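All remarks here apply to the structure that follows.
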Amino acid sequence: MNIQERMASKQLFTDHDANYPKEAAELEKARKRGKAICYEINNLHPDDVEMRQTLMKQLFGSIGENVWMEAPIRMSYGSNTTVGSNVYINFNLTVVDDYKVTIGNDVMFGPNVTIAVTNHPVHPEKRKEGGMFALPVVIEDGVWIGSGAIIVPGVTIGKGSVIGAGSVVTKDIPANVIAVGNPCRVLREITDHDREYYYKDKRFDQVEW
């Protein structure tokens, strides 16, 4: 198996596999490209929105319409991450995307969110051997990820759900719930009550626009 096949089958791999020098060299080139684009984005003037949009299209594997991203951003590749439409990415998003990261439509990220698809063996002697494995992360449509949340390999967050600030998401989260904590657990479902109240006793129909 080559490196990509090992990733896809959840087997251990190294990104510098001597058995596949051409593929390892291509992966290194892709990593450098992604980091270089992130560097360019992070060093743009904040008002240079047009160039930021151009670079975002180069960075991600695919990107939809109406995506806003605040710099800085850190990505391993960028090309392994797909982004839908109407997505808001706040400051300091970090994505370890050695393998697939899928971000749906209408997704919101708070500041300082981390997504990682890559993991390592627990035993220290096995870690020294350099092997790692990667599991895809999926963030479905309409999800809101709160500030400082960490999403670990293999997680899917269901449509419309909210992840509380500072949560560590270690397992799948169903659709249409609020989930919080470390490890992240479902707090409650999102209900019609949330259509009426935006914060505690604050009602939408009391807002003066």
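For the reader, a short list of remarks on this structure follows.
- Residue identified as in contact (Cβ under 8 Å) with a residue 24 or more places away in the chain and surrounded by 14 or more Cβ atoms within 10 Å (Cβ to Cβ) among Val155, Val138: Val138
- Ile115 touching a Leu at 6+ places or on another chain (Cβ under 7 Å) and surrounded by 17 or more Cβ atoms within 10 Å (Cβ to Cβ): no
- Test for Thr156: is it hydroxyl-bearing (Ser, Thr, Tyr) and either touching a Pro at 6+ places or on another chain (Cβ under 8 Å) or more than 29 Å from Asp15 (Cβ to Cβ) (or both): no
- Odd one out for Val143 among (1) touching a residue at least 40 places away in the same chain (Cβ under 8 Å); (2) in contact with a strand residue (DSSP E or B) (Cβ under 8 Å, 6 or more places away or on another chain): (1)
- Residue within the range 95-116 that is touching a strand residue (DSSP E or B) at 6+ places or on another chain (Cβ under 8 Å), farther than 28 Å from Glu70 by Cβ, in a loop (DSSP other than H, G, I, E, B) and touching a residue at least 60 places away in the same chain (Cβ under 8 Å) present: no
- The number of residues in the range 27-66 that are within 18 Å of the chain's Cα centre (by Cα), open to solvent by 50 Å² or more (accessible area, probe 1.4 Å) and touching a residue at least 40 places away in the same chain (Cβ under 8 Å) comes to 1.
- If you go through the range 180-199 and keep only what is under 27 Å from Gly148 (Cα atoms) and either in contact with a strand residue (DSSP E or B) (Cβ under 7 Å, 6 or more places away or on another chain) or at pLDDT below 90 (or both), you end up with Val180, Asn182, Pro183, Cys184, Arg185, Val186, Leu187, Arg188, Glu189, Ile190, Tyr197.
- For the range 30-87, the set of residues classified as over 19 Å from Pro153 (Cβ atoms) and touching a Cys at 6+ places or on another chain (Cβ under 6 Å) consists of Ile73 only.
The values are calculated or read from the model by the stated rules, or taken from the named source; none is laboratory data. Since the structure is predicted, the reported quantities are computational estimates derived from the model, not experimental observations. Please note: Cβ atoms are built from the backbone with ideal geometry, for glycine as well, and neighbour counts cover all protein chains shown. Just so you know, the surface numbers come from the protein's heavy atoms only, side chains and all, with ligands and any DNA or RNA stripped out. Shrake-Rupley method; radii C 1.70, N 1.55, O 1.52, S 1.80 Å.
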